Structures are given as C-alpha cells and as structure tokens.
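> Please read through the structure below; I'll follow up with questions.
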C-alpha cells in the first residue's frame, strides 16, 4: 500500500508541475500574440477604427494583466489537496478539464442548478439592491431600502456561469469573482467580452475559498455563491467549514450571503451558519430545485 500511495502522490505532483508550466507557456503565448497585434496597428496601419480588432487587443491586455497579477496565487492554488475528495465534483482536475472542453458540461458557458431569471426574484426580495433596481422594485424591506451607494459583491467559485454578467447587467457594478481554476477565469473573461464596461470593472481572480485575502476582512456587502460550497464540501472533510469561516470574515456585519446549494448536508449547514452568528433570512430547505438560502451576518 505505501508503494501504491507514493505512486499516486508522484502522479499528482507531476500533474501539478505540468499545469504550472502550461500556465506559464499560455501567458507567454498570449504576450507574443498581443505584441504581434500591436505591431499590425503600428507597422501595417490596421485601421484603429476596426472595433473588432481593437476589442481583441483589449481582451488580450486584460487576460495578460489578470495572469500577471494572479501568478503567485495560481502557483499556490496548484497545490490544492483534494486527495480525500468524495466525488469527482470535488477535484480541481475535474473542473479544469471541464473548463477546457474535456468534461461532462459545456466549456463555454453553463449555469449550475438554474439561471439568473430564477435567482432574480430572491435577489430582489432578500438582498441589498443596486440603485438601478431600487427605483423600480416593489419588494423593498426597510433594511434593504436604506442601502445606498455602491454595493460590493463577491462571487466565489464563479466557474463558467454567466450569472456574473447577469449580476452586472442587473446593476451590481462593484463585482469581484474568483475560482481556484485558472481556466474558469479564462471562460469568464470570454463571457465579459460581450460588455466593455464589465470587462473593465469586474475583478476576476484565482483564489482558494478556504484562504481568502487578509485585507478582505469586513469588505463585502453581499456574497452570492451557486454550487461553490457544494464543490468545496465534496473536496474533503473540513474544507467547507473553512470556506464558510472565510465568508464570515470577509462579509461586513449586517452583510448577506446567498447560497444556492443542492449537496451540503442540513446539519452541517446548521452548524456552520449557526444562529449565534447568522440570521437565517431565507431557508431554502423546502425548495423543489436546489435550495436558495440567505444568511445575514449579525
């Protein structure tokens, strides 16, 4: 058994080594392509009015910027240990394969559980709303209607779900989204190409939900996660508790967590979102589809 275990661990290390080199090579290739496209503009006088061409240049600039800023974080996340995962949905390898077109779900775009139209009535009723929606909503509570200014929203485990772009269209302009898979961030960059303003304003990062940035403490007004905690739960014992603890740290007192989940056990959720620290604004335990739970940090 020790010999078999060492072979498995060696294979995991080789895989991580290859992923890191793939990451570096992809970054280098993108930089070369970007440089070549800029040369086309300056040397061959490609018309600057070519919106499609300049859009491509802008997209590559954003990709390269993201890869550069997240190089350290990605190197760390490549060491993610999911050797005790309870299913393939709890492994980073599975999701990297999916976002690269080798999995069971579409590579370009996939809404886990359900789409934004199903989420929207619950967002409108239970979460602080952007000013754009406050002018038209008829479901505002006193707490929510008192929300003013920009609402900082964090979207963990964003994957290739277009909900991020839908949230931007809905009016949430200060959005930060992360995933532990670099390829998921690339898919989101592709989706954001449909909206120039979103490209420039939405922050996309490679992060581990179990260990978020120290300077994020009490930073966010809202966290919206859809299946992220389910995947973390399936990755191994104790991981989802760490992620929820990090959510509690980075959400402001009085802030909201919307969790759309179909896997997390009821007792574990009750313990992690204990009523000493959280107000259960909405209990999604009886929902026909995946449950939509809303918690308010006390």
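> Can you list the strands (runs of 3 or more DSSP E) found entirely within region 169-278 that contain at least 2 residues being assigned by TED's automatic domain parsing to the domain that holds residue 122, more than 24 Å from residue 123 (Cα to Cα) and more than 17 Å from the chain's Cα centre (by Cα)?
Of the strands (runs of 3 or more DSSP E) lying wholly inside region 169-278, none has at least 2 residues that are assigned by TED's automatic domain parsing to the domain that holds residue 122, more than 24 Å from residue 123 (Cα to Cα) and more than 17 Å from the chain's Cα centre (by Cα).
> Could you say whether any residue in region 136-143 is under 17 Å from residue 257 (Cα atoms), at pLDDT 70 or above, out of contact with any strand residue (DSSP E or B) (no Cβ under 7 Å at 6 or more places or on another chain) and in the same structural domain as residue 291 (by TED's automatic domain parsing)?
no
> May I ask you to verify whether residue 199 is in contact with a helix residue (DSSP H, G or I) (Cβ under 7 Å, 6 or more places away or on another chain) and surrounded by fewer than 20 Cβ atoms within 10 Å (Cβ to Cβ)?
Yes, satisfied.
> Out of region 104-133, which residues are at pLDDT below 90 and crowded, with 16+ Cβ neighbours inside 10 Å?
Passing the criteria: 107, 110, 111, 112, 133.
The values are calculated or read from the model by the stated rules, or taken from the named source; none is laboratory data. Fair warning: this is a prediction, and the values are worked out from it, not measured in the lab. Using ideal geometry, Cβ is built from the backbone for each residue, glycine included, and neighbour counts are taken over all protein chains shown.
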